[in-house]
1. How far is helix 514-529 tilted off the main Cα axis of the chain, in degrees rounded to 10, range 0 to 90?
2. According to a simple spin-label model (label point 7 Å from Cα along Cα-to-Cβ), what is the distance in nm between residue 264 and residue 569?
3. Could you give the Stokes-Einstein D for the range 454-502 in µm² per second, using the C-alpha Kirkwood radius, 25 °C, 0.890 mPa s?
4. Looking at the P(r) of the range 1-127, how many percent of alpha-carbon pairs lie beyond 23 Å?
5. Rounded, prolate or oblate: which fits the range 118-228 when a ≥ b ≥ c are the square roots of the eigenvalues of the alpha-carbon gyration tensor, with rounded for a/c under 1.5 and prolate only if a/b beats b/c?
6. Please work out whether the range 584-655 counts as rounded, prolate or oblate from its C-alpha gyration tensor, where a ≥ b ≥ c are the square roots of the eigenvalues and a/c under 1.5 means rounded, while otherwise a/b larger than b/c means prolate and anything else oblate?
7. Which whole number in µm²/s is D for the chain by Stokes-Einstein, with the Kirkwood Rh taken over Cα pairs at 37 °C and 0.692 mPa s?
8. What nm value, rounded to one decimal, do you get for the distance between residue 647 and residue 335 when each label is placed 7 Å out toward the C-beta?
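Each reported figure results from applying straightforward, stated rules to the coordinates on display, with no laboratory input. The shown structure was predicted, so the numbers you read here are calculated from the model rather than taken from an experiment. Virtual Cβ from ideal backbone geometry, glycine too; neighbours counted across all protein chains shown.
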Ligand code: ME8
C-alpha cells in the first residue's frame, strides 16, 4: 500500500536584513508538523525558500552598492544567512526554492501569460496608494486612518500603467470558500477576511510594476515586472514542477495539505491565491492556517521596526531543541504571544530541566544503581498504584494526535507534559529508594516501577521527537530504545521496551540560572547594539586566470617620493617626482588628490608599475602608475596608496 502523502509549506522568507525569532517560529512549527507526519508514516514534502524579488530588495542592494542578486545571495547562502539558520535549527525541509531560480522565473512568465490569455489579466492604469515597505497597493477605502492597514505606516500616491488581475470576478466563489468550508483556519481569520476585504467589494488587483526592474519580467511587454506576490505565491506549485521541468512532483503532491502563514499574509493566501488558482482551473490547497505573531513589548517584531530577537543568539545560548520546544509549547499557534527571555528560561527550567530532565535522569540513575543496565524480567505489578500512569501513557498518542491534527502544538505538548508530571508523582508514590532497602523482598516490585517509568519516558520521547529531534535521540539512547521502539505504532504499545540496555547519560536539559543568563544576554545585546563598524565592500575577485608570464611582464618597483604637487588645472591629479633607482627622476601623475595632500607623501616609499607606455595628461606626461588599494566604506569610495617600508631601496623589484 502506498504511503499517504502530505505537502506542507512555510511562507518563503523575504531576505531583507534581519532574520528574527518570528520567522524561526513559523518555520519551526512547519518542521514539527512535517516531522510528525513522517513519524506517522506519511510521504512528506516540506517546502520552504526565499522570496527574492521586489522594490525593497532592489533599494537595499543599491544602498549597499551591490547588485540585487549579490544582495540576496549574501543573505540566503552567506555566513549566518537563511540556509545556515535552518541548518542550525534542524529544519528538515525537503525542498528549498529561491524565486530567482531560473525554472521558477520562466514558470512565472508562463503563468502570467496564461492568465493574460484567458482574459483574467488585462492592462489598465493604477491610481491609488502604495505602501513601500509592504509593497502593497491599497485603495483609499482600505487604508486605516490614512495609513497602510497591514503595517500602519505612511502610504504614498501612486499612478502607473499596469496589468490587473480580475480578482473581483472571483469574489463570490472566494466568499463561499471561506465561509462554507474549513479552507481557512482559525475561524476568527475568516470573519476578518470577509468583513474587511470581501464585503466592502473585492477590487481587481494590480499585478505588474514599471517603477523598478528587480522582478520577473513580463515577457510579452518589456518594462513591466510581475508583482512580487504573484511571483511568490506560485512558488508552492513551481517548486513541484508546475510550468517547468526542473521538478516532477506536481501530480504526487498538489494540492497542498496545508500552508502555514503568518496572520498578516492571510489575505494573500486566502483570497488572492485561491482566485488565481481558480483562474487557471487548478485544485485549491486543502487548508491555509494563519498563525499569530510573536510580540516583543506588545508590538510585532519586525526588521523595519528594529525590535528583533536574534535566533542565532538564543539557539547558541540555550540550545536548539530548547528554543524549538519553547516556541511551540508557550504560544497557542493561532494567537499572538509575548516573547521574553524570562519566559524562555522559565520553560526550560520547569518543563525541560525539572519535569522531563528529572524523570529521565532519576529513572536511568535508579536502574543503574539498583540493577545495572538491564531490568530483571521478573516484575511485580501493583494494579492500584500502576494503573493510572499506564492508562495515561497508553492513551497519550491518540490524544496528542487529535491536537496535532488541528495544529494545536501547545495542547499536544500539554498532554505529553501532564503524563510526564504524572510519572514524577508516581516516583514519589512508589518511593523506589525505600523498596531498594530490601532487595530480597522487593526486587520484582522495584523492577516493575522502574519499567513503568521507562515506558512512560519512551512514549513521551516518541511524541516529543518532532519538537526536539536531537535530544530525543539521546533520550532513546539512555533508555536503550531500539529503532522499533521509537515508532508511531509503538507509541501506542505499552510494554514494547526491552529494558536491557539502560545507561545514564548526560543531563539533557541543565537548569539555567535565570539571573546569570539574563545578565549575559543583556551584555551580548548591548555589544550587538554598539554601532557596527563601517560597511566595507570590496570588488569581487576576477575569475579569469592570468598566465604566469603575463603577470611577470608587469615591472613593479619600489619608488621614493622626492617631490609631490597638485596639478594646477586638475582637482584630482597629483604630480610625483620619484626616485626609481635608475638615477633619473621619474614623473607619475595620479588621480588621488582627494585622498592625500602632497606634503604627507614626500619621503614615502611607494610601489609603481614602471613599464607602462608614457601617457600624456593635462599637459604633462605620466610614466607609470602608482599602486593603491581601493574599497567602499558605507557606499563611499576609499583609496590607500600602497606604501612599503622605507628601508626598501628605490628600484627594488617586487615579484
Ligand atoms: O511575508 N511572529 O515574508 P517575511 C510570527 N515573503 N511570525 C512572524 C513574525 C513574528 N513576529 N514576523 C514575521 C513574507 N513572521 C513573504 C511570504 S509566501 C508566498 C511569501 C512570519 O519574510 C510572517 O508572518 O516577511 C511570515 O509568515 C513569515 O514570517 C515570513 O515573513
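1. Helix 514-529 sits roughly 20 degrees off the main axis of the chain.
2. 5.8 nm
3. For these conditions, the coefficient is 237 µm²/s.
4. Percent of Cα pairs beyond 23 Å in the range 1-127: 47.
5. The shape class here is oblate.
6. Oblate.
7. After rounding, the answer is 111 µm²/s.
8. 7.4 nm
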